[in-house]
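A short write-up of the structure that comes next.
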Amino acid sequence: MDKILVTRSSMPPMEEYMEEIKGLWDSHWLTNMGEKHQKLAKALEEYLGVEKLLLFTNGHNALELALQGLDLPKGREVITTPFTFASTTHAIVRNGFKPVFCDIREDNYTIDERKIEALITDQTVAIVPVHVYGNLCAVEEIQKIADRHHLKVIYDAAHAFGVRKDGKGVGSFGDASMFSFHATKVFNTVEGGAICLHDPALELTLERLKNFGIRNEEEVSFVGSNAKMNEFCAAMGLCNLRHVDEEIAKRGQVVSRYRAHLAEISGIGLNAEQEGVKPNYAYFPIRINASQFGASRDALYEALKEYGIFTRKYFYPITNSFACYEGRFDVHETPKALQISTEILTLPLYADLPLEDVDRICAAIKEIGQRKRS
Ligand SMILES: *Cc1c(COP(=O)(O)O)cnc(C)c1O
């Protein structure tokens with residue numbers, strides 16, 4: 001039986017990539033904001049519908065530097081969600097801020113905007129929400145809260161490449177948004193990331209921060225990092241961008257097939273579709289109600305392995321329960337996130353996943369539920 005893995009990186013035809021990188025053997029310009037880098041940044045601004053976009057080595061460095069670039073007082077509080085990848089929380093902590101965890105919404109797993117205001121103190125400086133699975137946060141409500149309390153908003157939009165709300169690019173909300181172009185994401189540059197922003201002063205700061213804080217040949221104005229995207233990664237991005245619409249459409253077909261099969265199985269909750277939002281079908285999370293379905297999430301995860309189907313407990317554990325943060329946070333302050341993290345499973349999803357494989361996965365899920373119930 002062939003194995004079905006949870007994801008598979010998108011790659012352009014090899015000849016197309018070769019053609020794209022050929023010129024590098026003439027220019028010998030391999031990194032430091034070269035021609036491919038500039039072309040990709042422009043193309044992405046257009047594709048994503050954002051004002052300004054800066055490229056980085058990866059999404060995490062982009063987020064970490066965006067938080068540094070806002071120049072907020074250290075030691076202060078940042079309200080965020082624990083239902084995310086390690087990166088979001090680490091970026092806050094590594095900048096010397098104290099994460100304050102807000103619980104999540106039951107319907108789309110994003111930060112529960114109705115619970116943010118109760119967490120704001122005189123120490124709060126920013127909100128870092130996550131468009132988790134590509135689901136759009138309550139961007140308007142979050143902005144109103146931020147405006148009322150003079151807080152910055154930096155979105156972790158790592159999952160949300162190409163998502164639009166009423167035609168508006170997801171990266172245009174808040175003070176800044178981070179995208180990840182990691183190999184496993186909807187759009188990849190092998191490793192890579194970006195920050196979208198509006199403020200020209202922040203743009204200038206971030207351009208320096210990603211290049212050691214260097215202002216010019218003789219002046220270093222920030223304690224910066226090195227987070228420049230190289231030309232080979234940018235070239236991969238230029239190629240993948242030509243195919244991304246087709247890839248997203250194919251992902252959409254996979255998702256429709258899943259929905260058609262799974263909607264009828266009791267005890268399996270599906271990710272809600274959001275009105276007015278153009279989705280990118282980044283992930284396909286299902287939520288298992290053990291008593292209705294017949295098996296727990298963990299039991300289903302293990303049983304699927306026996307069918308050669310590899311899923312992911314994404315996100316489990318939640319970040320406020322990580323071993324590296326032991327004793328620092330109380331997971332019971334985010335009971336919904338805690339509960340959902342034990343019930344959620346993301347199923348295999350990538351553009352070239354054959355629909356027959358989706359049928360096989362769904363048949364296996366059905367069979368496992370029936371077997372456990374009887
Ligand atoms: C992938 C991811 C990141 C980090 O992005 P990298 O490009 O891998 O550094 C951050 N946040 C979330 C939610 C992610 O899924």
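Values in this text are rule-based calculations from the coordinates and carry no lab data. No experiment lies behind these values; they were computed from the predicted model shown. Note: ideal-geometry Cβ built from the backbone for every residue, glycine included; neighbour counts use all protein chains shown.
Structural remarks
- Legend: residue pairs 98/152; 74/278; 115/185; 22/228; 152/313, Cα-Cα distance threshold 26 Å; pairs beyond threshold, 74/278; 115/185; 152/313.
- GNM flexibility winner over the chain from 112, 357, 330 (Cα, springs under 10 Å): 330
- Placing R0 at 45 angstrom, the Cβ-Cβ distance between residue 324 and residue 246 gives a FRET efficiency of 0.65 after rounding to 0.05.
- FRET efficiency for residue 114 and residue 32, using Cβ-Cβ distance with R0 set to 45 Å, rounded to 0.05: 0.50
- Largest GNM mean-square fluctuation across 317, 73, 99, computed for the chain with C-alpha springs under 10 Å, falls on 73.
- Here the spin labels are modelled as points 7 Å beyond Cα on the Cα-Cβ line, and at residue 21 and residue 270 they lie 4.0 nm apart.
- Extended-chain gain in nm, criterion 0.36 nm per residue less alpha-carbon gap, residue 43 and residue 223: 61.8 nm
- Mean silhouette area of the range 291-342, derived from the convex hull of its C-alpha atoms and averaged over all directions, reads 4.5 nm².
- Close amide H partners of residue 100, meaning residues 5 or more places away or on another chain with modelled amide H under 5 Å apart, are 78, 79, 80.
- In sequence order, the range 173-179 has phi-based couplings of 8, x, 6, 7, 9, 9, 10 Hz under the Karplus curve 6.51 cos²θ - 1.76 cosθ + 1.60, θ = phi - 60°, and Gly or Pro positions carry x.
- Rounded to the nearest 20 debye, the dipole size of the chain about its Cα centre is 860 debye, using +1 on the Cβ of Lys and Arg and -1 on the Cβ of Asp and Glu.
- Table column - 3J(HN,Hα) (Hz), the range 270-285, Karplus curve with 6.51, -1.76, 1.60, x for Gly and Pro: 9, 4, 5, 7, 9, 5, x, 10, 7, x, 10, 6, 5, 9, 10, x
- Cβ crowding within 10 Å averaged over residues, with 145-158, 16-29 ranked highest first: 145-158, 16-29
- DSSP bridge analysis restricted to the chain gives an antiparallel fraction near 65%, rounded to the nearest 5.
- Binned Cα-Cα distances of the range 204-246, short to long, each 10 Å bin given as a whole percent: 28, 31, 25, 14, 2
- For the range 37-137, with +1 on Lys and Arg beta carbons and -1 on Asp and Glu, the positive-most of 135, 47, 93 along the dipole: 93
- Of the chymotrypsin sites (Phe, Trp or Tyr not before Pro) found in the range 200-285, the ones in coil according to DSSP and having at most 16 other Cβ atoms within 10 Å of their Cβ are 212.
- Note on the chain: with a GNM built from Cα contacts shorter than 10 Å, the maximum mean-square fluctuation among 217, 117, 343 falls on 217.
- Fraction of beta bridges assigned by DSSP in the range 69-201 that are antiparallel (%, nearest 5): 35 percent
- Our coupling estimate for the range 260-268, obtained by passing each phi through the Karplus curve with A = 6.51, B = -1.76, C = 1.60 and θ = phi - 60°, is 4, 6, 8, 4, 8, 7, 6, x, 10 Hz, Gly and Pro reported as x.
- When the square roots of the Cα gyration tensor eigenvalues are ordered a ≥ b ≥ c, the ratio a/c for the range 146-210 is 1.5 or more and a/b does not exceed b/c, which makes its shape oblate.
- Listed residue (104, 80, 70) projecting farthest to the positive dipole end of the range 60-118, Cβ model: 70
- Simple spin-label estimate for residue 290 and residue 366 in nanometres, 7 Å along Cα-Cβ: 2.6 nm
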